[in-house]
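Notes to accompany the following structure.
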Ligand code: PEP
Ligand code: MG
C-alpha cells in the first residue's frame, strides 16, 4: 500500500454533527441486531406470545423512565422530549396493534413480530423526503431493538465504556446515547446518523464532539486505537502520528477558548461593529426548548415547528393538549416572542398520521398551508389552541408554504372564525399577529401584495432555495447545488425585503441561511435584521455579526445581486469578508 493510500485509510471522512475536537482510545461497539428465531407458532402459543409482548413493552418503557429519572440536569431539557417520543412509540397503536396482528394472524413469535412491524414502519418513514422524518425512522428502529432486547432478556444492559474513550458504532439510539454520554465519553463516531438526529442534538447540548456518516467505521477503527474526532472538519484520524496529535491538541485547546468566549457574551445582545442591532431567535421543535432558548440569551423563538406533534402518532393532539404545550413555551419565554408555525405536513408526512395520501411529487403536492386548508378540522383545532395560548405571552402565528394572496386570505378567515368561536365558547384567548412564510418563489414575487395582508414575513430559505433552483433539499447528491449564495435566490430575498420595507412589515429569516457563518452576512446586507436558527448556532452567529460592518455587508449584497453565479458570490464574500471572518471560519473548519 502506498504511503498516500495508508494515510487515507487512517483519515476517515464524515459529517460534523456536534462541533468540537476530541482525542482518546476507540471503544468500538458491535451494534449488529440480535439474532432472533423465525419459526411459526402453534395456535395454542399465541396467548403466551401476546403476553410476552406486553411484558417486554412495559419493561422497555420502564427502563426508559428510569434512565430519564437519573439523567443529569443539563441533559434533561434536551432529553425529556426525546424520551417522551420514545415512550410514546412503545405505546403507539400502530406499532402495538401491528405486532399483535403479526402474532395472532401470521403466527409469528413476539421477537419476529416486533422486528417485522418495526421494519415496515421504518420503510414507510424512510420513503419520506423530509430529512427530519427519515431520522425518525432510525428512532423507531432503536425502539424496536429495545423491545427485542427486552424479549430476549437482554434489556437494561448499557455497555460499560471507560470515561474518556471515543465511541465508534454503527448507530446509537437516543437512550443508548444518554447512557454513554453520561459515562463522560470524549467523542462519538457513527456510521449512520445525521446532524438532525436526537443523538446529535443531545451531544451538542452536552458538548461532546460527534462525526456521523463515517462509512465502515466499525471495521476500519481497531478496538483501542488512538483516535482524533475532528467534528469541525468532519474527519476522524486513526493512530495519528506525533505531529497530528499535537495539532489536534492545539486545535482542541483553541476551540475550547473560542467556545468559552462565545458563551461569556451570551447576555451581551447582538450587534454589528457599527451598531446595527440584530435579533437572534431560536428555531425549536419541542416546547421544552423554549426555556433553553431563554438561558442561551436568544431573542425568543423565531420558529416553532409544530408538525412533530402530529407525526408518529395515530391521532393528532387535541386542542387542550396543544394549548397547554404552546402556553408552556410562551410562559417560559416571558416577554420574548414565540412564533408558532402551523403544521407543515405534506401528503407523505400525513401518511404517518394514519391518512395514506400518495403524491407522485410530494414537494409540489398537498403540503403546508395548502394541505391545512383541505383539513379544516385539524387546522381549526390548532388555530384555536394557539389563540388560547396567546394569553400567556407574546404569541405570533405563522403559515408555512404560502403560495400567494388567495391561500393567505383563506387561512386568515379561518383565524377570524376561530376567534369568534372562542369568544362564543367563553374561552380566554387573544388575537395575535399573523405572518406568512416566504419560501415559495411565487410568494417572494408577490411579496408586495402579501405585505398588504399580513403582519410579518419570515423567509424560509431551505424551501426557497429548493423551489427557486429546482434542487431537492433531501437529496444528498444535490447538496452542493442547494446554495443560498445563488444570485437567483438573492434576488428573491431582495424583492421580499424591499416589499416588506415599503409597507413597514417586520421581516425575519428562519431558514438555514440565517445561521450559516458564510451566508448570514448576505442576509444582513439584504436587510434581514431578525434571524432564526437552531440554538447551538446562536453563539457563533453572534460572534460573526460582531465582526461585520453593516454598510460593508450592504455594499457586498448589492454587488452580489449583479453577479452571475453562486461561485462568483461566494468568491466575493470570501474576498471581502475573509480578513474579518477568516479566524471564525477556520475555527469552524469551513475553509477547506
Ligand atoms: C425553510 O424552508 O427554510 C424553513 C425554515 O422551514 P422548514 O425547514 O421547516 O421547511
Ligand atoms: Mg420550509
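The values are calculated or read from the model by the stated rules, or taken from the named source; none is laboratory data. Being a predicted model, the structure only gives us computed values, none of them experimental. In this analysis, Cβ positions are derived from the backbone assuming ideal geometry, glycine residues included, and neighbour counts consider all displayed protein chains.
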Per the filter on the stretch 332-347, residues more than 16 Å from ligand 2 (Cβ to nearest atom) and either free of Cβ contacts under 8 Å to residues at least 40 places away in the same chain or within 15 Å of residue 385 (Cβ to Cβ) (or both) are 338
Quick check, is residue 420 within 16 Å of ligand 1 (Cβ to nearest atom) and modelled with pLDDT of 95 or more?
no
Listing of strands (runs of 3 or more DSSP E) fully contained in the stretch 1-120 that carry 1 or more residues being modelled with pLDDT of 90 or more and crowded, with 17+ Cβ neighbours inside 10 Å
11-13, 21-28
Within the stretch 439-481, track down each residue that is more than 18 Å from the chain's Cα centre (by Cα), farther than 20 Å from residue 502 by Cβ and away from ligand 2 (no atom under 13 Å from the Cβ).
469, 470, 471, 477, 478, 480, 481
Need the failing condition index for residue 273 against (1) under 27 Å from residue 527 (Cα atoms); (2) free of Cβ contacts under 8 Å to residues at least 24 places away in the same chain, just the number.
(2)
Can you confirm whether residue 387 is within 22 Å of residue 333 (Cβ to Cβ), touching a residue at least 40 places away in the same chain (Cβ under 8 Å), within 32 Å of the chain's Cα centre (by Cα) and within 16 Å of ligand 1 (Cβ to nearest atom)?
no
Please determine, by comparing only the residues of the stretch 308-336 that are outside any loop (DSSP other than H, G, I, E, B) and modelled with pLDDT under 80, which one is farthest from residue 422 (Cα to Cα).
308
Quick check on my filter: what residues within the stretch 217-241 are free of Cβ contacts under 8 Å to residues at least 24 places away in the same chain and either under 18 Å from residue 18 (Cβ atoms) or outside any loop (DSSP other than H, G, I, E, B) (or both)?
219
